[in-house]
Ligand code: HEM
């Protein structure tokens with residue numbers, strides 16, 4: 001901080017004890033002189049300053065221009081954090097960051113194992129475990145395909161019906177179960193023992209619209225194709 005002192009007017013300097021020791025007051029006389037020295041007011045105005053040969057005292061404290069450390073220079077390099085270089089950016093270059101960059105748990109040359117573990121845990125927590133039901137012999141997907149292509153009546157009705165909601169609700173037992181998927185009414189009773197998810201699950205949509213539950217469970221299943229021989233008709237309002 002000693003560099004601050006020389007540019008300050010003498011009256012603004014701190015007591016000699018705390019200032020640079022390079023110019024200690026030689027005696028009490030000098031000390032008194034300094035203390036009694038009048039302030040350099042009034043200041044010169046801008047016109048006076050421009051014409052006057054003597055420059056007005058400066059109260060702005062400017063840091064010394066930092067020096068570039070070179071080999072032939074004996075002075076140690078400045079410890080000021082100012083970028084000094086010959087680069088085109090000059091002192092506009094950003095200072096070197098002291099903030100440690102996060103590595104997001106990614107290990108060198110490998111996968112982010114902690115993130116993968118976290119993801120696996122979260123997925124397990126969110127996903128409800130679903131298990132396929134052991135189907136009774138003769139009720140595989142292939143058996144269902146055979147049955148639907150056999151020409152056997154799986155609808156239980158003559159021709160396609162216009163089914164009302166009230167009518168739909170009456171067909172809610174395993175022996176007589178209708179359900180609606182995408183606006184179409186199906187007789188799901190024949191399919192119950194073939195359903196890989198179990199009869200109970202399928203019965204949840206008996207007598208009502210099962211579209212939402214079906215889509216939430218397995219939207220990839222081609223229901224239209226699987227149940228086309230079970231189609232009863234179309235759901236109508238009223
Ligand atoms: C009549 C309409 C339905 C048909 C044609 C049908 C068909 C199927 C098929 C083919 C599978 C095996 C899927 C696979 O292996 O990827 C299956 C599994 C399953 N279904 Fe359905 N399903 C129907 C309705 C429903 C409904 C309404 C529910 C829920 C209430 C449901 C619940 C399940 C479950 C829990 C599984 C078990 C395992 C799984 O695939 O993850 N199904 N269903």
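Taken together, the values in this text are just the output of simple stated rules run on the coordinates, not laboratory data. Please read these numbers as outputs of a predicted model, since none were measured by experiment. A quick note on method: Cβ atoms are made from the backbone with ideal geometry, for glycine too, and the neighbour counts reach across all protein chains shown.
A compact table of results
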read-out	value
Label-to-label distance, nm, for residues given as residue 134 and residue 211 (7 Å Cα→Cβ offset)	3.8
Ranked list, fewest to most other Cβ atoms within 10 Å of each Cβ, for 204, 237	237, 204
FRET efficiency for residue 204 and residue 158, using Cβ-Cβ distance with R0 set to 35 Å, rounded to 0.05	0.80
Inter-site label distance for residue 237 and residue 169 at 7 Å from Cα along Cβ, in nm	1.8
